[in-house]
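Participant: There's a structure below that I have some questions on.
The values are calculated or read from the model by the stated rules, or taken from the named source; none is laboratory data. Only a predicted model underlies this, so the values are computations on that prediction, with no experimental measurement involved. Positions of Cβ are backbone-derived with ideal geometry, glycine not excepted, and every protein chain shown enters the neighbour counts.
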Amino acid sequence: MRIGIDLGGTKVEAIALGDDGATLSRRRVATPRGDYEATLAAISDLVQTIEDELDMRASVGVATPGAISPESGLLKNSNSHWLIAKPLIEDLEARLERPVRIANDADCFALSEAVDGAGAGAYSVFGVILGTGVGGGVVIDGRLLQGPNAIAGEWGHNPLPWPSDDERPGPPCYCGLEGCIETFLSGPALARDHAAMAGGDMRGEEIVVAAAAGDAACGETLARFERRLAKALASVINLIDPEIIVLGGGLSNIARLYTNLPGLWGEYVFSNHVRTRLAAARHGDSSGVRGAAWLWPLQ
């Protein structure tokens with residue numbers, strides 16, 4: 001049995017999976033925001049509760065916002081500020097009295113979809129998060145690629161490729177640079193782009209609904225979004241040539257992406273034919289917690 005923990009900003013969710021991927025138990029509690037020790041206790045209590053319920057001891061994997069620094073062993077790049085610069089692995093291993101594996105939430109999403117999701121059976125999978133932020137993860141032959149800097153798949157902080165004149169230098173990004181892919185393709189970026197070009201104050205989901213109903217300005221906003229996403233994904237295809245790209249996050253629910261993007265990215269991919277498949281996540285919002293469990297693969 002393997003237990004996955006999704007350490008989110010509002011909830012801590014735990015799932016127990018059997019070797020066949022079947023869900024054996026699932027629990028969640030509110031995240032103790034701002035309290036590191038209480039966060040450790042919440043994770044430990046969830047693991048203990050599930051193990052008592054099923055009368056089995058499990059491996060434990062954790063999906064976190066941010067990543068463990070290979071240099072210091074401390075958590076970095078987390079929007080859950082109370083976790084930053086904390087020895088999360090060390091402290092959890094001490095509480096749980098076993099090894100613990102940790103990866104960021106986008107990596108866990110990609111791993112889940114590669115193991116038994118939309119990318120099951122593919123040798124190479126690129127998992128994409130299009131939500132409040134933009135993230136990604138790379139899985140090769142069933143194994144998560146993290147890299148010596150623990151940033152593999154962080155395409156959201158590359159610059160938007162092949163920008164038009166009106167896309168340069170691009171919006172400022174919280175990372176300190178300008179024109180990052182995240183500043184064009186996140187949910188807030190979609191709303192900001194629409195406001196700048198058409199006026200008004202519409203959320204991303206409202207823009208999608210209005211475009212489907214025939215609103216011309218909203219349709220143009222989505223067309224710009226699709227063109228930018230096609231260029232950004234083409235740069236990934238040119239670099240790692242994945243068999244499949246799996247989309248997750250709130251904006252992955254835009255149905256027209258799966259029809260339109262393959263017709264757009266060919267202009268930018270360095271090949272006369274693009275065989276890369278595009279698919280929506282099979283496990284949806286559950287991919288993060290499932291991927292955390294799969295950080296301990298089948299032997």
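Participant: Scan region 254-299 for residues that are crowded, with 17+ Cβ neighbours inside 10 Å and among the polar types (S, T, N, Q) and report the count.
Facilitator: Within region 254-299, residues that are crowded, with 17+ Cβ neighbours inside 10 Å and among the polar types (S, T, N, Q) number 4.
Participant: Let me ask another. Which numbered condition trips up T259, out of (1) within 30 Å of T10 (Cα to Cα); (2) among the hydroxyl-bearing types (S, T, Y); (3) without any contact (Cβ under 8 Å) to a residue 60 or more places away in the chain?
Facilitator: Evaluating T259 over (1) within 30 Å of T10 (Cα to Cα); (2) among the hydroxyl-bearing types (S, T, Y); (3) without any contact (Cβ under 8 Å) to a residue 60 or more places away in the chain leaves (1) as the failure.
Participant: Taking V29 as meeting all but one of (1) more than 30 Å from I244 (Cα to Cα); (2) modelled with pLDDT of 95 or more; (3) not in a strand (DSSP E or B), write down the number of the exception.
Facilitator: In the conditions (1) more than 30 Å from I244 (Cα to Cα); (2) modelled with pLDDT of 95 or more; (3) not in a strand (DSSP E or B), V29 misses (3) alone.
Participant: For region 40-58, how many residues are more than 16 Å from G4 (Cβ to Cβ) and assigned to a helix (DSSP H, G or I)?
Facilitator: Result for region 40-58: 3.
Participant: If you go through region 36-45 one residue at a time, do you hit one that is closer than 22 Å to A110 by Cβ and small (G, A, S)?
Facilitator: no
Participant: Six or more apart or on different chains, Cβ under 9 Å: which pairs go from a residue in region 196-218 that's without any contact (Cβ under 8 Å) to a residue 60 or more places away in the chain to one that's surrounded by 15 or more Cβ atoms within 10 Å (Cβ to Cβ) and among the basic types (K, R)? Could you list them?
Facilitator: Sorted first by the residue in region 196-218, then by its partner, the pairs are M197/R224.
Participant: Considering only region 6-60, state which residues are of a type in the set (K, R) and under 15 Å from V289 (Cα atoms).
Facilitator: K11, R26, R27, R28
Participant: Here's a follow-up. Which of the residues that make up region 93-131 are within 28 Å of S186 (Cβ to Cβ) and of a type in the set (D, E)?
Facilitator: D105, D107, E113, D116, listed by residue number.
Participant: Kindly indicate the residue of region 118-153 that is under 17 Å from W296 (Cβ atoms) and in a loop (DSSP other than H, G, I, E, B) and also nearest to the chain's Cα centre (by Cα) among those meeting that condition.
Facilitator: Q146
Participant: For residues that are touching a helix residue (DSSP H, G or I) at 6+ places or on another chain (Cβ under 8 Å) and either surrounded by fewer than 16 Cβ atoms within 10 Å (Cβ to Cβ) or of a type outside the set (A, V, I, L, M) (or both), scanning just region 81-100, find the one that is modelled with the lowest pLDDT.
Facilitator: W82
Participant: Go through (1) assigned to a strand (DSSP E or B); (2) within 30 Å of R203 (Cβ to Cβ) for S112 and report which single condition fails.
Facilitator: Just one mismatch for S112, condition (1).
Participant: Quick one: count up the residues across region 1-44 that are free of Cβ contacts under 8 Å to residues at least 60 places away in the same chain, of a type in the set (A, V, I, L, M) and over 17 Å from P297 (Cβ atoms).
Facilitator: The qualifying residues number 9.
Participant: Condition first: surrounded by fewer than 13 Cβ atoms within 10 Å (Cβ to Cβ), modelled with pLDDT of 95 or more and of a type outside the set (G, A, S). Now tell me which residues in region 147-165 satisfy that.
Facilitator: Residue satisfying the conditions is D165 alone.
Participant: Among the candidates L222, L251, L247, which residue alone is surrounded by 15 or more Cβ atoms within 10 Å (Cβ to Cβ), out of contact with any Asp or Glu (no Cβ under 8 Å at 6 or more places or on another chain), in a helix (DSSP H, G or I) and in contact (Cβ under 8 Å) with a residue 60 or more places away in the chain?
Facilitator: Only one candidate qualifies: L251.
Participant: Which of (1) touching a strand residue (DSSP E or B) at 6+ places or on another chain (Cβ under 7 Å); (2) in the same structural domain as D141 (by TED's automatic domain parsing); (3) at pLDDT 95 or above is the odd one out, the single condition G249 does not satisfy?
Facilitator: For G249, the exception is condition (3).
Participant: Tell me which residues, restricted to region 148-172, are of a type in the set (G, A, S) and without any contact (Cβ under 8 Å) to a residue 60 or more places away in the chain.
Facilitator: A152, G153, G156, S164, G170
Participant: Right, another one. Could you tell me which numbered condition G61 fails, if it satisfies all but one of (1) without any contact (Cβ under 8 Å) to a residue 60 or more places away in the chain; (2) closer than 16 Å to R2 by Cβ?
Facilitator: So G61 meets the others, but not (1).
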